[in-house]
Amino acid sequence: MMKAAYIHIPFCHHICHYCDFNKVFMKGQPVDDYLESLENEMSLSVNKQVMETVFVGGGTPTALDEKQLEKLVLAINRQLNIDTNTEYTFEANPGDLSKEKLAILKNAGVNRLSFGVQTFNDELLKKIGRSHRAKDVFESIENAKAAGFDNISIDLIYSLPGQTKQDFIESIQTALGLGLVHYSGYSLIIEPKTVFYNLLQKGKLPLPGEDAEAEMYETLMEHMESGGLNQYEISNFAVPGFESRHNLTYWNNEEYYGFGAGAHGYVNGIRQSNYGPLKKYIEPLSHGELPIMDAHKVTIAEKMEEEMFLGLRKSEGVSIRHFEEKFSRNPIDLFAEQINDWTAKGLLKTDENRIFLTRQGRLLGNEVFQSFIGVSNH
């Protein structure tokens, strides 16, 4: 039974310089047609089982106006079975969430908000193409708490152009001062087809560099820990009990629906992705067909690799027993070469129950993860 759903809202009022997600400028877009198509897609896919987690991301879901937002949550609630135990998250832009919108979300059963804050330095916000300012964050969080939301997360990005370690420390301290239950911290990745990529090609993007990036990540871990937050995944920190259950679906290598233009899903052993362009997404749905662009049946070998590189993102790592129950194989035998190699280098550790990254391993996580891809011919 599928227990998780991701829903993609591709509209933005403003495109950030680093973003490569499937998104479009909102102006002049067929928003209502899109929302209707989204409901069609859900109705073609789901048979009313209770969802444990629903995550509405984007784009900017809160870029919708009140009427559109109301239309969206009604569609979701008609098609997905959401109860009081469902973790129901909306991504939000600071400054986008009016009190009216907060009330719409609250009434629909949304119980978790995730704000894309990125930094509390207004100069840097301008530089990275964000439309909000630090004061909008304080106001949005205050309004969200007043509306009855207590499960609130914010994202920070480090290694931004021209950012210093001290500047990042100030952002972390400001973030922790808000007393929230969940924080995510990501290093800036320069993706093709973004403003930043073009600037980098021209030599016009002064990035802090790898050593500074590693220092910022260490600083993030130290501050979060001393703030009483548990690092449960390589980029995520929570007050115990407030971990993102939706994101754990991904890292636990479990299946989930992906609804919306460009959304990815993992359904019945098949990883699939939808068409990204709105017309191409809406068109098949108007004939009662799913807008799937490509689908890949995941082999057992791939599933085992995914179990490793996704599971190692979690601080608790990969459970040996769970792996054996799922695949009837012992991961330590199966991936002996990689595990021995990284253990010798001090990046991985194993005990009788699990395989996990050391603190040093977290700094070089991507190298470790990559070594598990495309290796099993078992």
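The values are calculated or read from the model by the stated rules, or taken from the named source; none is laboratory data. This structure is a prediction, so every number in the text was calculated from the model and none was measured. As a convention, Cβ positions derive from the backbone with ideal geometry for all residues, glycine included, and neighbour counts pool all protein chains shown. We work out accessible area using only protein heavy atoms, side chains counted, and drop any ligands, DNA or RNA first. Shrake-Rupley method; radii C 1.70, N 1.55, O 1.52, S 1.80 Å.
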Of 159-168, 333-342, ordering from highest average Cβ density within 10 Å down gives 159-168, 333-342
Potential extension, LYS204-GLU302 segment - 0.36 nm per residue separation minus Cα distance
31.3 nm
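Please get the size of the charge dipole for segment 96-203, origin at its Cα centre, with Cβ charges of +1 on Lys and Arg and -1 on Asp and Glu, quoted in debye to the nearest 20.
Its charge dipole is roughly 220 debye.
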Per residue, accessible area of the chain with a 1.4 Å probe, heavy atoms of protein chains only, in Å², comes to 46
Take the cross-link list LYS27/LYS204; LYS126/LYS303; LYS71/LYS280; LYS145/LYS280; LYS202/LYS349; LYS67/LYS126 and give me the ones stretching past 32 Å between alpha-carbons.
LYS126/LYS303; LYS145/LYS280; LYS202/LYS349
Gyration tensor (alpha-carbon) shape descriptor, segment 326-378, a/c threshold 1.5
oblate
Once both label points are put 7 Å beyond Cα along the C-beta direction, the LYS193-LEU290 separation in nm becomes 2.3
Applying the Karplus parametrisation 6.51 cos²θ - 1.76 cosθ + 1.60 with θ = phi - 60° to the phi angles of segment 182-195, what ³J(HN,Hα) value in whole Hz is obtained for each residue in order, glycine and proline being reported as x?
8, 9, 10, x, 10, 7, 5, 10, 8, 9, x, 6, 10, 4
Can you send over the carbon and sulfur percentage of the accessible area for the chain, probe radius 1.4 Å, protein chains only?
49
Could you check the simple spin-label distance between VAL50 and ASP351, using points 7 Å along Cα→Cβ, in nm with one decimal?
3.3
Specify whether the C-alpha gyration tensor of segment 211-288 places it in the rounded, prolate or oblate class, a ≥ b ≥ c being the square roots of the eigenvalues: rounded for a/c under 1.5, otherwise prolate if a/b is larger than b/c and oblate if not.
prolate
